[in-house]
Structures are given as C-alpha cells and as structure tokens.
Amino acid sequence: MVEPIKLSTREQRERLIETAHYNLFLLRAEDVIIDLLTDSGTSAMSAEAWGAMMRGDESYAGARSWYRFRDTVKDIFGFEQVIPTHQGRAAEHILFGVTVKPDSIIPNNTHFDTTRANIEFFGGKAIDLPCLEADDLESEYPFKGNMDIAALENLIVDEGSERIPIIMVTVTNNSGGGQPVSMANIREISRIARGANIPFYIDACRFAENGHFIKRREPGYENTSAADIAREMFSYADGCTMSAKKDAFANIGGFLCTNDAELAQRERNILILTEGFPTYGGLAGRDLEAIAVGLREILDEHYLDYRLLSTRYVVEHLRELGIPVVVPAGGHAVYIDSRRFLPHLEPLQYPGQSLAVELYVEAGVRGCEIGTVMFGADPHNGDERPARHDLVRLAIPRRVYTQSHMDYVLEGLNLVWERRSDIRGMRIVRAPKYLRHFTAEFDWI
Ligand SMILES: Cc1ncc(COP(=O)(O)O)c(C=O)c1O
C-alpha cells in the first residue's frame, strides 16, 4: 500500500499538538509526516495477502479461511488449541480472565502495557523480572530481553507456586527496548515453570524477529531455519498470546493458544461472549486469510535480515550523532534514552513525553513515550513513581518506509538534540486510571 505524505510547517504542528493536549495519540494521523508511533497494524501487506483477502470465506461457522488460519498457526506454533481474537489484548483479556485471581502474581521479562493492565484489571500483580544486563542501556549484551532466572526462582520460593498461575516471557521484549530473548533463557524458564507445575506462556508478538536474533547471535542456530527456530521456541511453552498486527503483517488480528483442552473450552466460552464464534473470534474471514499468509511471509529470512539491518542503520547513525540510544539495536524499534538526552529534567517531569513532543514539532515525526507516563502510576492507589527507564520509542512499520525516510528522521532528531538544553519538562493535566498514556492530557511546566 502506498500512502501519500502530507507536509506541514513547524507553526502548524505547534498548533496541532497544543490542540491535541500534547498527547501524540490524540493527533490526526494525516497531520504526521513520518509515523513511528507503532509497528502494530501499520505494516504494508503483500500482493499475496491482498489476494488471499479476496478469497476470504465469510461463513459464520467452519469457514474455509478459519481452517487455513488454524492450520498455519498450528504448523508454526505447534499448540493444539487455537483461539482467534481481534487483537493481542483480547487474547490477554481472555487468558487472564480465566487464570488470574485477586492475589495472583504474573512474572514476565517485562510486561507490555496491555498485559500489565489486563492482569491488574483482574486484581493480579504484574511483576517484571528483566535480566540485570537490561538495566544498562549501553551494554552490548546480545540478549537483553532475557528474564532474570535467579529472580524467577526466588519469586516462586517466596510467594509459592499456587499464587503464580502463569509465567510469561515477551519476545522480543517490547517495553524493555525491543531486545531479544535467547533460546537458552526460554529453555531455562520452561524448566523452572515445569518443575513448579506452572504453565509457561510466550507473548509471541514479534516471534520471528526474536527468532532471527537467535539465528544471528546464539551459537548453534546459524544454520537453523526461521520456522524451526520458531517451533523450538514454542515447544518449550504451554501456550501463547499473539498480536497478528506485528509479526504477521496484518492490520488487525490475534490469537490465544494452549495445549490444555479444558482451559481452551473455558476460554472459548468467554470468546463467544466477547469476540465471536470460535472459528472466527473477532475477525472477518478475510482477516484470517491475511494472517495465514503473513505468518508464512514473516519467516522469510531475506526479509528478516533486512528488517534487523535497517533498524541497526538508524541506531548506528544516532550513535554517531552522540544521541543516547539503547544498544544493541532491537528488531522493531529504536529507543532513545530521554533521561540522558534531557539530563536537566526529573523523571516526574516526563522527559520522554517532552522529547516525543519536540520531535513532532521539529519534524512531524511521531514516536511514543515508554517510561514514566506509561508505567509510573499505580492504579491501585494512584501513587506515582519513576519508571525503570524513560525511553522514546520510534517503532518502524514493516515494509513501509525507505532509508531516505529514516534519514529524514535522523536529521529531525539531530535538530532537537542541538537545542536540547532549552527543552522544558511536562506535567499531566488529566489522566484516566488505566492505560493513561493513550488519553492523558499534558502541558509544559
Ligand atoms: C509485546 C506486546 N504484547 C501485547 C500487545 C498487544 O497487542 P494488540 O495491540 O494487538 O492488542 C502488544 C502491542 O503493541 C505488544 O507489543
């Protein structure tokens, strides 16, 4: 899909962002020049996927498109039970709805915002156990998405396995800088989970990118195919949640998998209530077709090489400019460290939000704060504390932008970098209790 880009002036953008209460989610998309808000649902579909959509079978029950979707998911992910949902968070909502009790604890390498919010919504506690290397944004450790295995073992001993209905790991670790998780780490988590009789789930959104990092960085996988790496990753798990808006190139869609038939039955009961009949979930037949094609295409290693190299291109150029960025380069996004970019601001002055707003004003580029705005508030008591990091994520849609678009982004960032000492912090004027970053209103301090 080729989309036109509408140019705007700096004065226009100053007005537009003020009208949007300095929240980039509240802008009209057409007022954005380069949109790096998310890689979710924003990828370009292929001729094959569009062709398959034309063959979508829209029968209510047992559609041809459902079987194509189910068989593809089973083949790649290897789970017995496949439950289609309209996107990843719907899969999370169903999974946690049947497993989380008010005193439950769910560990993850780092929970994504919707995962955390869904657990908290059902009264559970979402705990992040990133590996120690993840804290050092400048460390070149190749698998900074790993979970801290010792911390996981301690948590099980301290809290008891009966309080932990699920152990999760997110590949790649979106909120932790888009960093990959090694196969060795996945294997270890699985061993511990099985030893404690706790189901192990993978948040699989970017499974193919994670797999390609394994191929390129983990000894022993150099000659293993992307499909075989994926199958091995999921063979260690008892289930997964998936947003097909990422590593399936689809504009919408997701699924929930498990090997537990009894659990799947309870999940389908909720599915029928909230999403739809079990052979379409929240999706049209044409969406099921697009996902089935996308899941095959994402395992093309030429594509995966290009994907990882193009993200690295941006990271390397930012480093040359002296701009603080999370290294090594992740898969789907570039993460700028706004605390080091704006060292004169406190975390509770939301440096990530300031930087994201300034980049929009400067160049019309839309990124996303991943820091204290997103994770700083405790919905149980309204307390506020600095998040572990304050990052600005520039997520790169798949197969959409060229190198010259990314060069434009680099120029815009450099202009903001040159006037960084003049940039002010922000305050929150209004915010909801859950997922506040989507709708909060801000102003300059
Ligand atoms: C790691 C991770 N998990 C879950 C989700 C939720 O998926 P969806 O947006 O399809 O609900 C996302 C979306 O960005 C994600 O990045």
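What follows draws every value from the coordinates through simple rules; no lab data is involved. As the structure is a computational prediction, the values presented were derived from the model and not from experiment. Using ideal geometry, Cβ is built from the backbone for each residue, glycine included, and neighbour counts are taken over all protein chains shown.
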Those helices (runs of 4 or more DSSP H) completely within the stretch 310-394 that have 1 or more residues that are of a type in the set (Phe, Trp, Tyr) and over 22 Å from the mean Cα position of the chain (by Cα) are 338-341
Can you tell which of PRO165, PRO180, PRO219 is of a type outside the set (D, E, K, R), away from the ligand (no atom under 16 Å from the Cβ) and in contact (Cβ under 8 Å) with a residue 40 or more places away in the chain?
PRO165
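Conditions tested, residue by residue: (1) among the aliphatic types (A, V, I, L, M); (2) under 16 Å from GLU346 (Cβ atoms).
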{"position": "GLU358", "(1), (2)": "no, no"}
{"position": "GLU362", "(1), (2)": "no, no"}
{"position": "ARG366", "(1), (2)": "no, no"}
{"position": "THR372", "(1), (2)": "no, yes"}
{"position": "GLU384", "(1), (2)": "no, yes"}
{"position": "VAL392", "(1), (2)": "yes, no"}
{"position": "ALA395", "(1), (2)": "yes, no"}
{"position": "GLN403", "(1), (2)": "no, no"}
{"position": "GLY412", "(1), (2)": "no, no"}
Please count how many residues of the stretch 63-103 are among the hydroxyl-bearing types (Ser, Thr, Tyr) and touching a strand residue (DSSP E or B) at 6+ places or on another chain (Cβ under 7 Å).
1
Quick check on this structure: which one of ARG64, ARG89 is of a type in the set (D, E, K, R), under 19 Å from VAL171 (Cα atoms) and either under 21 Å from the mean Cα position of the chain (by Cα) or surrounded by fewer than 20 Cβ atoms within 10 Å (Cβ to Cβ) (or both)?
ARG89
Since VAL100 meets every condition but one in (1) touching a residue at least 40 places away in the same chain (Cβ under 8 Å); (2) within 12 Å of the ligand (Cβ to nearest atom); (3) on the phi < 0 side of the Ramachandran plot, which condition does it not meet?
(2)
Write out, first by first residue and then by second, each pair whose Cβ atoms fall under 6 Å of each other, whose residues are 6+ apart or on separate chains, and whose first residue, in the stretch 240-252, is over 17 Å from GLU289 (Cβ atoms) while the second is near the ligand (Cβ under 10 Å from one of its atoms) and among the aliphatic types (A, V, I, L, M).
CYS240/ALA204; THR241/ALA91
List pairs: first in the stretch 49-66 and hydroxyl-bearing (Ser, Thr, Tyr), second assigned to a loop (DSSP other than H, G, I, E, B), Cβ under 7 Å, 6+ apart or cross-chain?
TYR60/PHE277; SER65/GLY56; SER65/ASP57
Checked the stretch 104-116 for anything out of contact with any helix residue (DSSP H, G or I) (no Cβ under 6 Å at 6 or more places or on another chain) and charged (D, E, K, R); matches are ARG116
Filter result for the condition that a residue is hydrophobic (A, V, I, L, M, F, W, C) and farther than 30 Å from GLU297 by Cβ, over LEU413, LEU394
LEU413
Of the criteria (1) free of Cβ contacts under 8 Å to residues at least 24 places away in the same chain; (2) in contact with a Ser or Thr (Cβ under 6 Å, 6 or more places away or on another chain), which one GLY124 fails
(1)
With respect to ARG424, determine if the residue is among the basic types (Lys, Arg), in contact (Cβ under 8 Å) with a residue 40 or more places away in the chain and touching a strand residue (DSSP E or B) at 6+ places or on another chain (Cβ under 7 Å).
yes
For MET53: the one exception among (1) buried (at least 24 other Cβ atoms within 10 Å of the Cβ); (2) in contact with an Asp or Glu (Cβ under 6 Å, 6 or more places away or on another chain); (3) over 21 Å from ALA264 (Cα atoms):
(1)
Filter result for GLU120 (more than 16 Å from the ligand (Cβ to nearest atom) and either in a helix (DSSP H, G or I) or in contact with a His (Cβ under 7 Å, 6 or more places away or on another chain) (or both))
no
Tally up the residues in the stretch 367-388 that are crowded, with 24+ Cβ neighbours inside 10 Å and out of contact with any helix residue (DSSP H, G or I) (no Cβ under 7 Å at 6 or more places or on another chain), please.
0
Within the stretch 67-80, does at least one residue satisfy the condition of being under 19 Å from the mean Cα position of the chain (by Cα), crowded, with 20+ Cβ neighbours inside 10 Å and either within 16 Å of the ligand (Cβ to nearest atom) or not acidic (Asp, Glu) (or both)?
yes
